[in-house]
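Asks: Have a look at this one.
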């Protein structure tokens with residue numbers, strides 16, 4: 001007998017939900033070195049251990065292998081590492097190498113440059129501060145200026161002895177100057193009339209240099225002790241002054257400024273840790289250590305410990321750096337390093353080898369940075385999953401509730417990891433959350449109303465502002481105990 005389809009009465013369609021975007025595990029570290037076993041075109045390769053590196057030609061004497069050995073020696077042990085190539089066959093800088101590694105691979109979260117010197121650290125730190133996806137930079141330094149807490153000084157140039165103090169009758173008018181690593185020299189043209197004293201020439205030079213604008217507006221020029229002193233307006237390791245002759249004249253020669261004319265360049269000095277601290281960088285973690293590449297050890301611990309599972313939140317304080325020799329530091333030296341936002345590895349009580357304190361250059365704790373990055377990432381993905389996974393999110397209170405529900409998932413995950421916990425809101429009031437209110441979940445999600453939206457925002461389909469207020473669980477790292485004895 002013939003039969004008619006059920007779909008005329010009950011029509012069912014099967015819709016498979018889209019696969020959620022793969023989330024970064026925040027557990028992959030990048031080690032960059034100049035060995036040639038990884039091609040410049042490949043740039044980055046992932047390994048699960050040093051055996052794979054050996055198979056690709058790395059030897060135990062090479063910097064990347066040594067750093068990876070430290071990285072994988074930590075407990076808990078990270079599951080993978082990214083090795084990046086610094087292509088030194090050309091003129092590639094350390095910053096260009098790290099940038100190329102980010103372009104080639106966006107999965108790594110933490111990075112380390114083998115054998116980094118001050119100039120490399122200064123170049124990479126600001127890049128990591130701004131790069132997306134969010135990342136952090138680990139570096140090691142054994143610089144004596146760190147141990148001494150040497151303050152930042154300005155770079156300057158001192159003219160050779162017996163320079164001219166009267167150029168009023170000359171025809172040469174121009175010299176060229178570059179400060180603070182500026183790759184371009186800028187012409188400075190003097191009007192020679194009346195320049196018949198050293199003080200007058202210095203004042204004229206300063207005025208004309210400052211007209212260049214930008215970083216040149218703070219340059220000072222003095223005539224003292226029979227020489228001209230041109231000083232950069234900045235302080236620190238990148239502070240410098242460079243002067244060369246003009247294109248077709250010799251005013252620089254007459255004034256004996258510029259290295260070719262016998263002048264002496266003195267670059268700015270100081271502790272690299274103070275330099276990064278002064279810049280308020282929150283994504284650079286420095287360790288003072290005489291053990292080569294010591295900081296890659298704590299990077300390995302951080303990547304190995306960050307599983308994202310329940311109750312796995314951690315700090316870097318008091319962890320062991322397997323393979324690193326503790327520093328024989330005095331309490332005074334420890335105080336100097338800590339004051340600079342630095343970290344160190346020492347022995348305590350003849351028993352405990354511990355890493356202290358797990359802070360970034362600006363004093364923030366590493367565990368706060370990585371967990372906030374994870375929360376931001378997870379919220380972005382959760383909201384995108386919602387926007388792409390439903391036919392539409394209506395522009396009404398119900399739609400806003402959908403967005404808030406999506407955000408709640410990552411917040412709950414952060415609480416389950418141990419990053420958030422219940423507490424009292426002590427920050428300024430936001431909407432109906434007041435100072436002194438209890439956050440029973442460790443977070444609360446608030447939103448402005450649809451009715452409060454501007455016509456422009458509504459026309460452009462922009463959601464009303466949403467506020468995610470969180471209470472960090474924090475961590476105890478210092479304890480005071482009083483023992484009271486009664487006889």
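Asks: Which ordering of 108, 425 is given by a fewest-first count of other beta-carbon atoms within 10 Å?
Replies: On the way: 108 26, 425 18.
Ranked by crowding around the Cβ, least crowded first: 425, 108.
Asks: Quick one: in the chain, what % of C-alpha pairs are over 28 Å apart? Show your work: numbers first, answer last.
Replies: Values: 77586 of 118341 pairs.
Here the tail beyond 28 Å accounts for 66 percent of pairs.
Asks: Alpha carbon centre of the range 238-302 versus the range 158-178: separation in Å?
Replies: If we compute the Cα centre of each part, the gap is 27 Å.
Asks: What do you get for the angle between helix 94-104 and the principal long axis of the chain? Use alpha-carbon atoms, 0 to 90 degrees, nearest ten.
Replies: Tilt relative to the chain: about 30 degrees.
Asks: Here is a further query. In degrees, nearest 10, range 0 to 90: what is the angle between the Cα axis of helix 366-389 and the longest Cα principal axis of the chain?
Replies: 50 degrees
Asks: Follow-up question, since we're still on this one. With N denoting the number of residues in the range 156-266, provide Rg(C-alpha) divided by 2.2 N^0.38 Å, to two decimal places. All intermediate terms of the calculation are to be shown ahead of the outcome.
Replies: Numbers: Rg = 12.5 Å, N = 111, 2.2 N^0.38 = 13.2 Å.
In units of the 2.2 N^0.38 Å rule of thumb, it is 0.95.
Asks: List 205, 299, 360 from most exposed to least, where exposure is judged by having the fewest other Cβ atoms within 10 Å. Show your work: numbers first, answer last.
Replies: Values: 205 26, 299 31, 360 23.
Lowest to highest Cβ neighbour count: 360, 205, 299.
Asks: Using 7 Å Cα-to-Cβ label points, what is the residue 484/residue 426 separation (nm, one decimal)?
Replies: 2.6 nm
Asks: Take the alpha carbon atoms of the range 133-149, find their center, do the same for the range 193-231, and report the distance between the two centers in whole angstrom.
Replies: Here the two parts' Cα centres lie 36 Å apart.
Asks: Which angle between 0 and 90 degrees, to the nearest 10, do you get for helix 63-72 versus the longest principal axis of the chain when only C-alpha atoms count?
Replies: 40 degrees
Asks: For the range 357-405, report the translational diffusion coefficient in µm²/s to the nearest whole number, using Stokes-Einstein at 25 °C, 0.890 mPa s, and a Kirkwood Rh over Cα pairs.
Replies: Details: Rh = 12.9 Å.
After rounding, the answer is 190 µm²/s.
Asks: How many nm separate the modelled label positions at residue 191 and residue 54, each set 7 Å beyond the Cα in the direction of the Cβ?
Replies: Those two pseudo-labels are separated by 7.5 nm.
Asks: Determine, for 303, 53, 364, 384, the number of other Cβ atoms within 10 Å of each Cβ, and report the residues in order from fewest to most. Before the final figure, lay out each step's value.
Replies: Details: 303 27, 53 23, 364 18, 384 13.
The order, fewest Cβ neighbours first, is 384, 364, 53, 303.
Asks: Cα centroid distance between the range 32-84 and the range 473-487, in Å?
Replies: Spelled out, the Cα-based centre of one part sits 43 Å from the other.
Asks: Would you calculate the separation in nanometres between label points at residue 96 and residue 207, each defined as 7 Å from the Cα along the Cα-to-beta-carbon direction?
Replies: 4.2 nm
Asks: Moving to a separate point now. Over the chain, calculate the relative contact order: mean separation of alpha carbon pairs under 8 Å at least 6 apart, over the residue count, as a percent.
Replies: Details: 963 pairs, mean separation 69.2, N = 487.
Computed over the chain, the figure is 14 percent.
Asks: Follow-up question, since we're still on this one. Compute the FRET efficiency between residue 264 and residue 466 as 1/(1 + (r/R0)^6), taking r as their Cβ-Cβ distance and R0 = 56 Å, and round to the nearest 0.05.
Replies: Between residue 264 and residue 466 the formula returns 0.45.
Bear in mind these aren't lab numbers, they're just calculated from the coordinates by the rules spelled out. Keep in mind it's a predicted model, so treat the numbers as computed, not measured. Positions of Cβ are backbone-derived with ideal geometry, glycine not excepted, and every protein chain shown enters the neighbour counts.
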